[in-house]
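Data first, discussion second: the structure below is written as structure tokens.
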Amino acid sequence: MRVAVIPARGGSKRIPRKNIKLFCGKPMIAWSIAAAVESNCFDRIIVSTDDEEIADVAKHHGAEVPFVRPSELADDHTGTIAVVRHTVHWLNAIGQTPIQVCCIYATAPFVRAADIRRGLNIMVSADSDYAFSVTSYPFPIQRALRITNRGRVEMFSPECFNIRSQDMEEAYHDAGQFYWGRATAWLTGEIIFGPNAAVVRLPRYRVQDIDTAEDWQMAEYLFRVVNTEGVSQQLWS
């Protein structure tokens, strides 16, 4: 059995009610649910939440909310693996043993069904424990700077000062959209960003962190641009 788990706790601090705040006309979580449904990858699409209003919105848009997430798994310090592990344990307890589980973030409106399917195929073909979305940094991380207490600058990697940027190794970061994993890996708590993980590369214009009001405005602007008729087909392919 394949299962999607969408974590969506109610206590968002930086953007209150972030998971169900309207994003381009729909509750934020609705975009993730729609991508999961469209992918046709899942036997069950479960939203893990401690919040009654989020549960109602999730069910209205086609997900299941078969349990209330325990309060000890709904604080600021609970990680993704613990939330997914809880869902896997719950499914095992009712006799529905999942084999592959995909965590899809509730605040990932750019997530696409085709990428979810691609992640599954990559994980299976690579025989990896995880497969998750990444994108490249737009600049060489080897040239990153820190600002000192005196207001001056230092390079994190000063030995790279005389190396041409085109000669530096490209670096990637987590795109924060979805994480396919074998149920056994979620249960054992195997680290996602490790040697047993494969990656699904995404173009940078389809990745946007949404942690502040400014991020939100930028994401809505970008979302509308890439979904404009005549532009969407070129950019999203």
| Residue that is open to solvent by 90 Å² or more (accessible area, probe 1.4 Å), in contact (Cβ under 8 Å) with a residue 60 or more places away in the chain and within 23 Å of GLU64 (Cβ to Cβ), where the choices are ILE99, ILE116, ILE104 | ILE99
| said: Residue under question is ILE20, and the condition is that it be touching a Pro at 6+ places or on another chain (Cβ under 9 Å), at negative phi and modelled with pLDDT of 95 or more; does it hold? | reply: yes
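Just the residues that are at positive phi and in contact with a strand residue (DSSP E or B) (Cβ under 8 Å, 6 or more places away or on another chain), please, taken from segment 164-214.
Just the residues of segment 164-214 that are at positive phi, to begin with: 176, 189.
GLY176 - this is the single residue of segment 164-214 that is at positive phi and in contact with a strand residue (DSSP E or B) (Cβ under 8 Å, 6 or more places away or on another chain).
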| message | If I filter segment 154-161 for residues that are under 24 Å from ASN121 (Cα atoms) and out of contact with any Lys or Arg (no Cβ under 9 Å at 6 or more places or on another chain), do I get at least one hit? | response | no
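Scan segment 25-55 for residues that are of a type outside the set (Lys, Arg), more than 18 Å from GLY79 (Cα to Cα) and open to solvent by 30 Å² or more (accessible area, probe 1.4 Å) and jot them down.
Once the filter is applied, which keeps residues that are of a type outside the set (Lys, Arg), more than 18 Å from GLY79 (Cα to Cα) and open to solvent by 30 Å² or more (accessible area, probe 1.4 Å), segment 25-55 yields GLY25, TRP31, ALA34, VAL37, GLU38, ASN40, PHE42, ASP43, GLU52, GLU53.
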| message | I'm trying to understand the selection: among the residues of segment 183-203, which are surrounded by fewer than 20 Cβ atoms within 10 Å (Cβ to Cβ) and more than 14 Å from the chain's Cα centre (by Cα)? | response | THR184, LEU187, THR188, GLY189, GLU190, ILE191, GLY194, PRO195, ASN196, ALA198, PRO203
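Quick check on this structure: which one of ALA175, ALA171 is touching a residue at least 24 places away in the same chain (Cβ under 8 Å), more than 17 Å from the chain's Cα centre (by Cα) and within 22 Å of ALA108 (Cα to Cα)?
Answer to the selection: ALA171.
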| Quick check: anything in segment 158-168 part of a helix (DSSP H, G or I), surrounded by fewer than 18 Cβ atoms within 10 Å (Cβ to Cβ), over 25 Å from the mean Cα position of the chain (by Cα) and of a type in the set (D, E, K, R)? | yes
| Name the residues in segment 125-144 that are part of a helix (DSSP H, G or I) and either open to solvent by less than 80 Å² (accessible area, probe 1.4 Å) or acidic (Asp, Glu) (or both), would you? | ALA126, ILE141, GLN142
| message | I'd like to know if segment 1-9 contains one or more residues that are open to solvent by less than 30 Å² (accessible area, probe 1.4 Å), small (Gly, Ala, Ser), within 19 Å of PRO70 (Cβ to Cβ) and in contact with a helix residue (DSSP H, G or I) (Cβ under 9 Å, 6 or more places away or on another chain). | response | yes
| task | For THR78, indicate whether it is under 17 Å from the mean Cα position of the chain (by Cα), modelled with pLDDT under 95 and open to solvent by less than 70 Å² (accessible area, probe 1.4 Å). | result | yes
| note | Going through segment 92-145 in order, the residues found to be more than 26 Å from PRO27 (Cα to Cα) and of a type in the set (Asp, Glu) are ASP127, ASP129
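Report yes if ILE147 is open to solvent by 90 Å² or more (accessible area, probe 1.4 Å), closer than 30 Å to VAL3 by Cβ and not hydroxyl-bearing (Ser, Thr, Tyr), otherwise no.
No.
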| request: Kindly indicate whether any position in segment 99-110 is closer than 30 Å to GLU170 by Cα, at pLDDT 95 or above, assigned to a helix (DSSP H, G or I) and touching a helix residue (DSSP H, G or I) at 6+ places or on another chain (Cβ under 6 Å). | output: no
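Taking only segment 22-39 into account, find how many residues are in a loop (DSSP other than H, G, I, E, B) and touching a residue at least 12 places away in the same chain (Cβ under 8 Å). Give the steps one after another, and end with the answer.
Of the residues in segment 22-39, the ones in a loop (DSSP other than H, G, I, E, B) are 24-25.
From what is left, the residues that are touching a residue at least 12 places away in the same chain (Cβ under 8 Å) are 24.
Selection size over segment 22-39: 1.
The values are calculated or read from the model by the stated rules, or taken from the named source; none is laboratory data. Please read all numbers here as calculations on a predicted model, not as lab measurements. In this analysis, Cβ positions are derived from the backbone assuming ideal geometry, glycine residues included, and neighbour counts consider all displayed protein chains. Note: areas computed on protein heavy atoms with side chains; ligands, DNA, RNA excluded. Shrake-Rupley method; radii C 1.70, N 1.55, O 1.52, S 1.80 Å.
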